[in-house]
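Trainee: Next up is a structure, given as structure tokens.
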Amino acid sequence: MRIYFFLFLFFFVSCFSSNYTSRNNSNLTKNRGKCQENTHVPSTKEIFRREIIEYTGNDYDHIFVSKVKDILVPARTKWVKKKAERACLSADPNDCLVWCLISTEEIALEYYTVTDTSELREFKKYIKEEE
């Protein structure tokens, strides 16, 4: 008899809890596609900080000075729409467009850095932040 009581109690609690959650979620489904005021999405960006030691002197051939190249934006290719070179006979101007693969150049920052700051004092320190 106890088994039937516990089964009944389990069945009653499971039905009540599913009905309770469906009533609470009805407000979200009713406003689907609209912004919710209390919604908070945490940022997934990671910001990396690193210390840059830039040489400020004039002797670039010094043993403790080296040239550094930081690539800010790497070279890449992308597809763009362009007009066809030949005469297009279509009435719709969008029919005359062709996709072309173009390449972009990298954007880099070149500077001189000090490799041993205990031997050479002509430098400036700053923090560079990257995503």
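The values are calculated or read from the model by the stated rules, or taken from the named source; none is laboratory data. Note that the structure is a prediction, hence the values are computed from the model and not measured. Don't worry about glycine lacking a Cβ; one is built from the backbone with ideal geometry, like all the others, and counts go over all protein chains shown.
Trainee: Within segment 32-53, can one find any residue that is modelled with pLDDT of 80 or more and over 24 Å from the mean Cα position of the chain (by Cα)?
Mentor: Yes, segment 32-53 has at least one match.
Trainee: Please enumerate the residues belonging to segment 86-131 that are more than 26 Å from Phe48 (Cα to Cα) and under 30 Å from the mean Cα position of the chain (by Cα).
Mentor: Val98, Trp99, Cys100, Leu101, Ile102, Ser103
Trainee: I've got another one for you. Can you tell me which of Lys78, Lys67 is touching a residue at least 24 places away in the same chain (Cβ under 8 Å), of a type outside the set (Asp, Glu) and surrounded by 10 or more Cβ atoms within 10 Å (Cβ to Cβ)?
Mentor: Only one candidate qualifies: Lys67.
Trainee: Related question: Step by step: first the residues of segment 55-77, then only those that are modelled with pLDDT of 90 or more and part of a strand (DSSP E or B), then the one that is farthest from Arg121 (Cα to Cα). Which residue is that?
Mentor: The selected residue is Thr77.
Trainee: Can you pull out every residue in segment 84-110 that is modelled with pLDDT under 85 and either among the small types (Gly, Ala, Ser) or exposed (fewer than 10 other Cβ atoms within 10 Å of the Cβ) (or both)?
Mentor: Ala84, Glu85, Arg86, Ala87, Leu89, Ser90, Ala91, Asp92, Pro93, Asn94
Trainee: Could you grab me the full set of residues in segment 73-96 that are closer than 30 Å to Leu109 by Cα and in contact with a Phe, Trp or Tyr (Cβ under 9 Å, 6 or more places away or on another chain)?
Mentor: Trp79, Val80
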